[in-house]
Structures are given as C-alpha cells and as structure tokens.
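Asks: Let me begin by handing over the structure; questions about it come next.
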Amino acid sequence: MPLWTWLVPALSIGLLGVAIAAGVGAWLATLCGAALVGAILAAVHHAEVIAHRVGEPFGTLVFALAVTGLETALILSMMIAGGAEMAALPRDTIYAAVMIICNGVIGVCILFGGLAHREQAFRVEGAGAGFAALIVMAALTLVMPVFTTTTSVGTYSGSQLAFVAAGSAALWAIFVFVQTVRHRDYFLPVAGAADLDMHAEPPTVRQAYASAGLLVLSLVAVIGLAKMLSPTIESAVAAVGAPQAVVGIVLAALILLPEGWAAVRAARADRLQTSFNLAIGSALACIGLTVPVVVVASIALQLPLVLGLEPADIAMLVLTFVVSAFTLGTGRTYVMQGAVHLVLFAAFLFLAFVP
C-alpha cells in the first residue's frame, strides 16, 4: 500500500481535530481545503482497491453507501444545529446532488470518454431501471410537496412524509437487490469494453479490509472538513450576494467529489458502465437513504422541513430528466451528449447565483 494512501487520511483526521479544537481561521481554512483534496484522492484510491477485489457492481455500491451515509450524517447534524434556518438544507442538497450527478458528473464522463474513445457503450437495462427509479423518487421528494394541499406549499404532513420516506427506501432497496442479485449482469461492463484492471492481480483480503477502513476514515475526513469549512462557505456566499441555496450546492459538490472523480477516471479508462453505476447509484442512495433519516429526525425532533422546489428549479429538474432519458436510452454515447449535459449543468449553476 503506497505511503500516501494511509498517511493523508491520518493527517486529515488530525487536522480535523485541530480545527474542531481551535476553530477555523484563514490559514487553517487553507490547510483544511488542501487536506480535503488529499482525503478525496485517498478515498478514490481505496474505493478502487475494494472494487477490484469484490468486482462490479459491488465496488460502486460500497462507495455509494459510504459517501451517502456520511452525507446524511452531515445534513442531519447541520439541521439539528441550525433549526428553522436549515429547514430547506436537505432539499437544496438533494436537488444539487441530483443536478451535479445527472448533468455534471455524467456530462464530464461522456465528454472525456468520447474524446478518448470516440464512442462508448453501456447496458441500457441497468442504467434505464435505475434512472426510472430516480425520476420517481425525485418527483415524490422534491416536486409533489409544491402541489399537495394538506399543508403549506413546499411541505408535507407527517403521514405524507412517512409515505415518501418508505417509498424512497423501498425503491432503493429493490434497486440494490436487482443490481447485486437478481439482474447483476445488467450492471456489468458490456462485451468489448476495455478494463485495465481485468488482468491485474486482485488485492488480498487483508488489503481489501485495510482499504475499507481507510476509505471510511478518508470519507469521515472529507465530510468533517466540509462541515468545518461550511461557515467559511456561508460567509463567502453572503459576501458575493448569492442565495442561501448555493450553500447546499457547495456542500453537495464537496461530498460528491470522491465519487465524481472515480466516475471520470473510469470513463477515461473506457469503463463507462462503472461510471454510470457510480453516478446513478449515488443519486438513488442520496434520496433513498437521506430522506428516510431526515424524515424520522424531523418527526421525532419536531424539526421544520421544507422539501418542495421553486418553479424554476422544477423546470430545470424536468429538463434534466428529459435529456437524460435520451442519453440513457440508446446504450451508446459520444461527445455531443456530454456537451448537452454540461451546458445544462452550467445553466443550473448560473441560475443558482442569478435566480
């Protein structure tokens, strides 16, 4: 195991402890930012080691579960600490995560993969099923609260929250069962796709366990440092006069960096199926795991929760799903599709700053 792959997570956790004890000043914020980047690179390395040991799609599933679990903990801790001011944070973070994944990550993967390999193939059966589940989960969570009449616009009643949480968790669990047991072959690379690791000797069980522990350690550092940097981020957002929703975008981007980096590396290695497994699986886990936990906390602790999007955000979400349906409906991609998604992603970012 290379020295940096365990030294960087250890140093990042140490720096996180210093930041918690001493507070984040200007110099410490710079160090925390550098440590955050290092922890992300270490997380990607250890996720790839685990994926090579257990194979697809289990490797990407482990990665998505680890990232989403820590993301949920971060959102929940900020909700409890912030009270009513953080009522819309889960909505903003989930919406940002979906847009970042469906437009940013997928767009960069397709563009870079197309530039390197001209055309790339993937299994429509797996990507299509996961994307259909994502549309339903996103609509129930982010769109329907705007149209229900039991409570004020943008919110759900207790029973409605329970239904949405149960439905999201059920869809995610069924998707995982299909991905790993029932139709695992739908999520394996298509015949003829390159795999640079195919003939490499897999890591030992001991190495895989060590990487699993270091992956968790790296992701704890990523989430912890992101939380410590959040006041600095909020101050920067306020200084430029951007809306509060931009904070959710920045947090989602920081949290998704490890998975996004791993997905782009896979696409450049002509493993687009792995990229889509990471991207779609991460988006599904973001809703299927985060929403139930947030809903339970909201009901148990009487925390205010606003889930409904603004009309412009709903329009962007619908446009993203329509374009993604065309992208994922053919089984082949090239640079034009990546460019379309990246223009949508740029529009999402621009409208977030200039609503």
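The values are calculated or read from the model by the stated rules, or taken from the named source; none is laboratory data. Not measured: the values here are computed from a predicted model. Cβ sites come from the backbone with ideal geometry, for glycine too, and all protein chains shown count toward neighbours.
Asks: When HIS117 is evaluated against the numbered criteria (1) at pLDDT below 90; (2) surrounded by fewer than 23 Cβ atoms within 10 Å (Cβ to Cβ), which criterion, by number, is the only one it fails?
Replies: Every condition holds for HIS117 apart from (1).
Here's the yes/no breakdown for (1) at pLDDT 75 or above; (2) surrounded by fewer than 21 Cβ atoms within 10 Å (Cβ to Cβ); (3) assigned to a helix (DSSP H, G or I):
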{"position": "THR60", "(1), (2), (3)": "no, no, yes"}
{"position": "ALA66", "(1), (2), (3)": "no, no, yes"}
{"position": "GLU71", "(1), (2), (3)": "no, no, yes"}
{"position": "ILE75", "(1), (2), (3)": "yes, no, yes"}
{"position": "MET79", "(1), (2), (3)": "yes, no, yes"}
{"position": "GLY82", "(1), (2), (3)": "no, yes, yes"}
{"position": "GLU85", "(1), (2), (3)": "yes, yes, yes"}
{"position": "ARG91", "(1), (2), (3)": "yes, no, yes"}
{"position": "ALA97", "(1), (2), (3)": "yes, no, yes"}
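Asks: Between residues in segment 93-113 that are more than 18 Å from ALA127 (Cβ to Cβ) and residues that are outside any helix (DSSP H, G or I) and not basic (Lys, Arg), which pairs lie under 8 Å by C-beta distance while being six or more apart or on different chains?
Replies: Pairs that qualify, where the first residue is more than 18 Å from ALA127 (Cβ to Cβ) and the partner is outside any helix (DSSP H, G or I) and not basic (Lys, Arg), are TYR95/LEU309.
Asks: Continuing with this model, one more query. Checking the conditions here, which among GLU119, GLU125, GLU85 is of a type outside the set (Ser, Thr, Tyr) and free of Cβ contacts under 8 Å to residues at least 60 places away in the same chain?
Replies: Matching residue, one of GLU119, GLU125, GLU85: GLU85.
Asks: Going by what's in this entry, would SER159 be described as at pLDDT below 95, surrounded by fewer than 16 Cβ atoms within 10 Å (Cβ to Cβ), among the hydroxyl-bearing types (Ser, Thr, Tyr) and assigned to a helix (DSSP H, G or I)?
Replies: When the stated conditions are applied, SER159 passes them.
Asks: Checking THR274 against (1) more than 15 Å from THR333 (Cα to Cα); (2) at pLDDT below 90, only one condition comes out false. Which one?
Replies: Tallying (1) more than 15 Å from THR333 (Cα to Cα); (2) at pLDDT below 90, THR274 fails exactly one: (1).
Asks: When you check ILE110 against the structure, is it surrounded by fewer than 18 Cβ atoms within 10 Å (Cβ to Cβ), in contact with a Leu (Cβ under 8 Å, 6 or more places away or on another chain) and part of a helix (DSSP H, G or I), yes or no?
Replies: no
Asks: Moving on. When segment 279-305 is examined, which residues are found to be outside any helix (DSSP H, G or I) and in contact with a Ser or Thr (Cβ under 8 Å, 6 or more places away or on another chain)?
Replies: Of everything in segment 279-305, those that are outside any helix (DSSP H, G or I) and in contact with a Ser or Thr (Cβ under 8 Å, 6 or more places away or on another chain) turn out to be PRO304, LEU305.
Asks: For segment 1-58, enumerate the residues that are more than 16 Å from VAL222 (Cβ to Cβ), touching a Gly at 6+ places or on another chain (Cβ under 7 Å) and among the small types (Gly, Ala, Ser).
Replies: ALA51
Asks: Further, regarding this structure: I'd like the full set of residues that are under 16 Å from TRP261 (Cβ atoms) and either at pLDDT 80 or above or of a type in the set (Gly, Ala, Ser) (or both), limited to segment 46-58.
Replies: Passing the criteria: HIS46, ALA47, VAL49, ILE50, ALA51.
Asks: Which residue pairs have Cβ atoms under 8 Å apart, sit 6 or more places apart or on different chains, and have a first residue in segment 267-284 that is surrounded by fewer than 24 Cβ atoms within 10 Å (Cβ to Cβ) and a second that is part of a helix (DSSP H, G or I)?
Replies: From segment 267-284, the pairs are ARG268/PHE112; ARG268/GLY113; ARG268/ALA116; ASP270/GLY113; ASP270/ALA116; ASP270/HIS117.
Asks: Could you check VAL136 against (1) within 30 Å of ALA242 (Cβ to Cβ); (2) assigned to a helix (DSSP H, G or I); (3) among the β-branched types (Val, Ile, Thr) and say which number it fails?
Replies: The single condition VAL136 does not satisfy is (1).
Asks: Is it fair to say ALA200 is at pLDDT 80 or above and either in contact with a Ser or Thr (Cβ under 6 Å, 6 or more places away or on another chain) or not in a helix (DSSP H, G or I) (or both)?
Replies: no
Asks: How many residues are of a type in the set (Ser, Thr, Tyr) and over 26 Å from PHE350 (Cβ atoms) when one looks only at segment 250-287?
Replies: Residues meeting the conditions: 1.
Asks: Given the structure, is GLU234 buried (at least 16 other Cβ atoms within 10 Å of the Cβ) and among the charged types (D, E, K, R)?
Replies: No.
Asks: Which members of segment 238-278 meet the condition of being among the basic types (Lys, Arg) and assigned to a helix (DSSP H, G or I)?
Replies: ARG265, ARG268
Asks: Let me ask something else. Which is part of a helix (DSSP H, G or I), surrounded by fewer than 17 Cβ atoms within 10 Å (Cβ to Cβ) and in contact (Cβ under 8 Å) with a residue 60 or more places away in the chain, of ILE20, ILE50, ILE13, ILE40?
Replies: Only one candidate passes the filter, namely ILE20.
Asks: So which pairs qualify, if the first residue must be in segment 149-163 and within 10 Å of ILE299 (Cβ to Cβ), the second must be surrounded by 11 or more Cβ atoms within 10 Å (Cβ to Cβ), the Cβ gap must be under 8 Å, and the two must be at least 6 apart or on different chains?
Replies: Partner pairs satisfying both residue conditions: GLY158/ILE299; LEU161/VAL295; LEU161/SER298; LEU161/ILE299; LEU161/LEU305; ALA162/VAL295; ALA162/ILE299.
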